[in-house]
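So the structure is just underneath, and the comments pick up after that.
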Amino acid sequence: MDRDSKIEKPLVFSAMEAAKICGVVNQTAINWIRKGSLKASTTPGGQYRVYPEDLVDFMRRNKMNVPQGLLEKVKNRVKKSDKTVLVVDDDKTLNSIMCSYLKSKDEEFDLYPAYDGFEAGSKMASIKPKAVVLDLDLPGVDGVKIIKNINESPDSFGRPAVLVVTALEDVLVEHSCKALGVASYFHKPVILSELYQSLKSLFQNSGSENAF
């Protein structure tokens, strides 16, 4: 069986699936992840999850032959999804909970996690999400700066709608975010059903590619 045949439908790969695509054993892929060479997220149960675009980036950097099926998967995720959501929160458990809940409410949501400001900027430029669920108190670049970057460089980041989810109790910060055009502003602990309804309304009312 060739490597193209291993590109299945799931939105993310396990370490073992990533290893098979690269033509190596599972432990080699785990070592790459632990060294930071291959970007991966971690589930609450401690399992690694690798997003297709991160695997493509890794394989290209290491001059590996990228299977056509994987390239098509990335192309479809980046260019054809109408419900792409980047969830940015350094609390990995909460990030995972928000992603899991939103996916359970709508299978068409194409969800990407990011855990700091730098990763958020990189993924926005790469996948150009339709919406960003954004914590403000982040390592690296803080959330308010990210919102300003989106406004200053709309074509670079895909003009996403921004939904703030924050534990900050600062009225001035809230006013600043709303002045910058955020679609919704939620205080933690966030009510997940309200977050979903806000996203649902945004997607229903988008009307066109650049409606946000």
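Provide a single number: the residues in region 96-132 that are among the polar types (S, T, N, Q) and either in contact (Cβ under 8 Å) with a residue 40 or more places away in the chain or not in a helix (DSSP H, G or I) (or both).
Count: 2.
Might you check whether a residue that is within 27 Å of residue 74 (Cα to Cα) and either touching a Gly at 6+ places or on another chain (Cβ under 6 Å) or aromatic (Phe, Trp, Tyr) (or both) occurs anywhere in region 177-191?
Taking every residue of region 177-191 in turn, none turns out to be within 27 Å of residue 74 (Cα to Cα) and either touching a Gly at 6+ places or on another chain (Cβ under 6 Å) or aromatic (Phe, Trp, Tyr) (or both).
So which helices (runs of 4 or more DSSP H) are wholly in region 133-192 and hold at least 1 residues that are at pLDDT below 90?
Qualifying helices (runs of 4 or more DSSP H): 143-152, 154-157.
Looking at region 16-42, which of its residues are over 16 Å from residue 123 (Cα atoms), open to solvent by less than 80 Å² (accessible area, probe 1.4 Å) and in a loop (DSSP other than H, G, I, E, B)?
23, 24, 36, 37 - these are the residues of region 16-42 that are over 16 Å from residue 123 (Cα atoms), open to solvent by less than 80 Å² (accessible area, probe 1.4 Å) and in a loop (DSSP other than H, G, I, E, B).
Report, by residue number, each residue of region 150-169 that is in contact (Cβ under 8 Å) with a residue 40 or more places away in the chain and under 9 Å from residue 132 (Cβ atoms). It would help to see each step written out before you state the result.
Filtering region 150-169 for residues in contact (Cβ under 8 Å) with a residue 40 or more places away in the chain gives 159-161, 165.
160, 161 - these are the residues of region 150-169 that are in contact (Cβ under 8 Å) with a residue 40 or more places away in the chain and under 9 Å from residue 132 (Cβ atoms).
All but one of (1) buried (at least 21 other Cβ atoms within 10 Å of the Cβ); (2) in contact (Cβ under 8 Å) with a residue 40 or more places away in the chain; (3) among the aliphatic types (A, V, I, L, M) hold for residue 195, so report the exception by its number.
Single failed check for residue 195: (1).
How many residues does region 43-52 hold that are open to solvent by 50 Å² or more (accessible area, probe 1.4 Å) and either of a type in the set (D, E, K, R) or over 21 Å from residue 73 (Cβ atoms) (or both)?
So the answer is 3.
When the residues of region 40-77 are filtered to those that are among the aliphatic types (A, V, I, L, M) and closer than 19 Å to residue 100 by Cβ, which remaining residue is modelled with the highest pLDDT?
This residue is 50.
The values are calculated or read from the model by the stated rules, or taken from the named source; none is laboratory data. This is a predicted model, so every value here is computed, not measured. Cβ sites come from the backbone with ideal geometry, for glycine too, and all protein chains shown count toward neighbours. Just so you know, the surface numbers come from the protein's heavy atoms only, side chains and all, with ligands and any DNA or RNA stripped out. Shrake-Rupley method; radii C 1.70, N 1.55, O 1.52, S 1.80 Å.
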